[in-house]
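Presented below is the structure to which this report refers.
None of the figures in this text is laboratory data; all of them are computed from the coordinates on show. In this text, all values refer to a predicted model and were calculated from it rather than measured experimentally. Ideal geometry is used to build each Cβ from the backbone, glycine not excepted, and the neighbour counts take in all protein chains shown.
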C-alpha cells in the first residue's frame, strides 16, 4: 500500500525564513522612519529659530530707525565692527544691544537690551547667539556741528546663531545680516 503525504502547513524552516525576511524589512523601515523624524525635528527647530530671529531683527531695525546712534558711548571714532550698539532716544535715554552669557536654561549666549539698568533677553530662547557685530557708518558723529560728515548713520547688523535642540551634531549656524538707516534728522 502506498502512503500519501498530505501536507497542509508550512515547515519550521519556511516559517523561520519568512520571519527573518519580515524582521529585516521592519528594521529597514523603522530605521528610515527614525531618520526622517530626526531630520524633520532639526528642520522644524531651525525654521522656528529663523522665524523668531527675523521678528527680533525687525524690532531692532525699528528701534534704530526711530532713535539716534549714541556716538558719545564709543568715545570718539568707531573703528570697525563693535559688539554693542548704543542708541539714545529723544529724551536722552540710552539703551544698548549687546551679547550676554546670562541667558537662562536653554541657550548659553543671547542678545540683550539694556535699558534703565535692566537687562532683558531679546533673542529667541532656543538660539545661541554665537556672534553679534554692528558696523556703524559714519565712524564719527554726523550730528555734531562742524564735523564735516554729511551722511545719515547706517547700522549693519551681523547676527550668527545656532539652534538649540538638544543635539549638537549636524547643527548648521544661522546667519542674519541687514543694514538700516537712522531716520533721525538733526543738522
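Values computed for the structure shown
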| read-out | value |
| --- | --- |
| Point-to-point label distance, residue 61-residue 130, nm (Cα→Cβ direction, 7 Å offset) | 2.4 nm |
| Inter-centroid distance (Cα atoms) of the range 77-100 relative to the range 31-67, Å | 25 Å |
| Cβ-Cβ FRET estimate between residue 34 and residue 102, R0 fixed at 41 Å, reported to 0.05 | 0.65 |
| Sorted by Cβ neighbour density within 10 Å, fewest at the top, the residues 16, 68 | 16, 68 |
| For peptides 49-55, 38-44, sequence by mean Cβ density within 10 Å, most packed first | 49-55, 38-44 |
| When the range 15-181 is reduced to its Cα atoms, the Kirkwood hydrodynamic radius in Å | 18.6 Å |
| Gain upon complete extension [residue 154, residue 54; 0.36 nm per residue less C-alpha separation] | 34.1 nm |
| Label-point gap, in nm, between residue 8 and residue 140 - each point 7 angstrom along Cα→Cβ | 10.5 nm |
| Extended-chain gain in nm, criterion 0.36 nm per residue less alpha-carbon gap, residue 178 and residue 27 | 49.6 nm |
| Value of [θ]222 nm, deg cm²/dmol, for the chain, DSSP H segments ≥ 4, -39500 (n - 2.57) each, nearest 500 | -11000 deg cm²/dmol |
| Normalised contact order of the chain, rounded percent, pairs of Cα under 8 Å and 6 or more residues apart | 18 percent |
